[in-house]
Amino acid sequence: MRVRGLAFFPNFLLREVVIMFTTAASIFLLASLFPASLLEPANPFETPKPIFPEWYFLYVYGFLKFWTWDIGPLKAKTLGIIISMVLFPLLLFLVPFIDRNPEVNLKRRPIAVLLGVITVAAVLFFTIYGIIFE
Amino acid sequence: MRRQLYEWIDKRTKLSKYWDSIAKHPVPPHVSDGVRTNPVYCLGGIAFLCFIILVVTGMFLAMYYKPTPDEAYDSIRYIMEEVPMGAFIRSVHHWAANMMVAAVMLHMIRVYFTGAYKPPRELNWVIGVLLFLLTTAFGFTGYLLPWDQLAYWATTIGIQINSGIPIVGSYIGKLLMGGNEIGPNTLSRFYAIHTIVLPITLTLLLGIHFILVRIHGISGRYL
Ligand code: HEM
């Protein structure tokens, strides 16, 4: 295979170790400064306000609030769920089979780069939408 | 002494025969030139480190946590207030989990924009998407365990959304709840999924993921 380059062990791993220590240190720091919370015990008869899911589900949450259009027999809520919970993950799985361009240079795959930027922007947008419209 | 230990182990494992092929593969210059390392290539490793921290802190939490509606909340409060280092361990678990999801997302974005999903790495991308979904499933099941107001109601909404998937949704809902409402069955199965099903599945997939990375080597330059 390749002859050029830096040996993974120990040269590269040593550099990784520095990054790993930084990561671990930030986790310990965050944990000391902002301990995990514990609210009142669960009460099935009293809904608190607001209820937030974990931040990485907010884009689904935001999208379901955003999508208010019925199409044919499909209700808006069902469509929102189909798009964000079925089609989106499916599309992620299919990325290598949709993009058949063998180029890896960023400049020579403008469509893939554009679609990627749009996807990231959309996920961020719906995340914020989910927070604001709670 | 060190030499003897080395030889004793090597006689029994023949490790030195395999060591070079495990550890001495070169890292290409666009990843690290020996002085500077491109940090976007460390995100997978950062996610892995978070996972290890989660496994270790999770083991300690599991020693005190009790997965029943009557005891769950109190056991968490006991961890927070009585167990030495308990609050710290739980908080590290909390933050490592959030960090892991962030690292996995950024890793996926890096793989996308460097075109690293292209042949022959398609299968590893598909495994990657599975790893991403499993990571969020960890978060979803873990969120219920403290059995506080947020846990209960956020899970209620999450299950409602899952139940809204056409055709299979109502089965998914029943399967997640272990019945028709969130109760003792839900809590114990979320605990089982969170601490047995997902860790084993994720570990197996990670093994395949890493083996494939070694077989392919890191993808070429993207600029
Ligand atoms: C639990 C989560 C994951 C862990 C611990 C993990 C770990 C790793 C590690 C350590 C590498 C070596 C290079 C690097 O660190 O960038 C790697 C490469 C790779 N990962 Fe992941 N990964 C995870 C999730 C994912 C996801 C979500 C995807 C994409 C959907 C993915 C796709 C890939 C691909 C295609 C490669 C090869 C990249 C290349 O050759 O440049 N992985 N992974």
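The values are calculated or read from the model by the stated rules, or taken from the named source; none is laboratory data. Here the structure is a predicted model, which is why all the values come from computation and not from measurement. Neighbour counts run over all protein chains shown; Cβ positions are idealised from the backbone, glycine included. Areas reflect the complete protein model, heavy atoms only, side chains present, ligands, DNA and RNA absent. Shrake-Rupley method; radii C 1.70, N 1.55, O 1.52, S 1.80 Å.
Between A:60, A:120, the distinction of being facing another protein chain (nearest Cβ under 10 Å) and open to solvent by 40 Å² or more (accessible area, probe 1.4 Å) belongs to A:120 only. Which residue is farthest from residue A:29 (Cα to Cα), if the candidates are limited to the stretch B:99-119 and must be more than 10 Å from the ligand (Cβ to nearest atom) and free of Cβ contacts under 8 Å to residues at least 24 places away in the same chain? My answer is B:119.
Conditions (1) open to solvent by 50 Å² or more (accessible area, probe 1.4 Å); (2) aliphatic (A, V, I, L, M); (3) at the interface with chain B (Cβ under 8 Å from one of its Cβ atoms), marked per residue:
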| site | (1), (2), (3) |
| --- | --- |
| A:28 | yes, no, yes |
| A:31 | no, yes, yes |
| A:34 | yes, no, yes |
| A:42 | no, yes, yes |
| A:53 | no, no, yes |
| A:64 | no, yes, yes |
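Filtered by the rule that a residue be surrounded by 18 or more Cβ atoms within 10 Å (Cβ to Cβ) and in a helix (DSSP H, G or I), the stretch B:174-187 gives B:176, B:177, B:186, B:187.
Residue B:193 meets all of the listed conditions (1) within 8 Å of the ligand (Cβ to nearest atom); (2) not in a loop (DSSP other than H, G, I, E, B) but one, namely (1). Going through (1) assigned to a helix (DSSP H, G or I); (2) more than 16 Å from the chain's Cα centre (by Cα) one by one, residue B:69 falls short only on (1). Annotation: of all residues in the stretch B:136-170 being facing another protein chain (nearest Cβ under 7 Å) and among the polar types (S, T, N, Q), the one that is surrounded by the fewest Cβ atoms within 10 Å (Cβ to Cβ) is B:136. Residues that are in contact (Cβ under 8 Å) with a residue 40 or more places away in the chain and within 14 Å of chain A (Cβ to nearest Cβ) were ranked within the stretch B:171-190; the one that is nearest to the ligand (Cβ to nearest atom) is B:190. The one condition from (1) facing another protein chain (nearest Cβ under 8 Å); (2) near the ligand (Cβ under 10 Å from one of its atoms) that residue B:124 does not meet is (1). Residue B:210 meets each of the listed conditions (1) more than 16 Å from the ligand (Cβ to nearest atom); (2) free of Cβ contacts under 8 Å to residues at least 12 places away in the same chain; (3) within 13 Å of chain A (Cβ to nearest Cβ); (4) not β-branched (Val, Ile, Thr) apart from (1). Applying the criterion of being more than 8 Å from chain A (Cβ to nearest Cβ) and open to solvent by 30 Å² or more (accessible area, probe 1.4 Å) to the residues of the stretch B:86-101, the residue that is farthest from residue B:130 (Cα to Cα) is B:89. Residues considered: B:40, B:83, B:104. Of these, the only one that is more than 7 Å from chain A (Cβ to nearest Cβ), under 30 Å from residue A:103 (Cα atoms), of a type outside the set (S, T, N, Q) and open to solvent by less than 40 Å² (accessible area, probe 1.4 Å) is B:104. Would you say residue A:19 is buried (at least 19 other Cβ atoms within 10 Å of the Cβ) and either outside the structural domain of residue A:83 (by TED's automatic domain parsing) or touching a His at 6+ places or on another chain (Cβ under 9 Å) (or both)? Judged against the criteria, residue A:19 is not a match.
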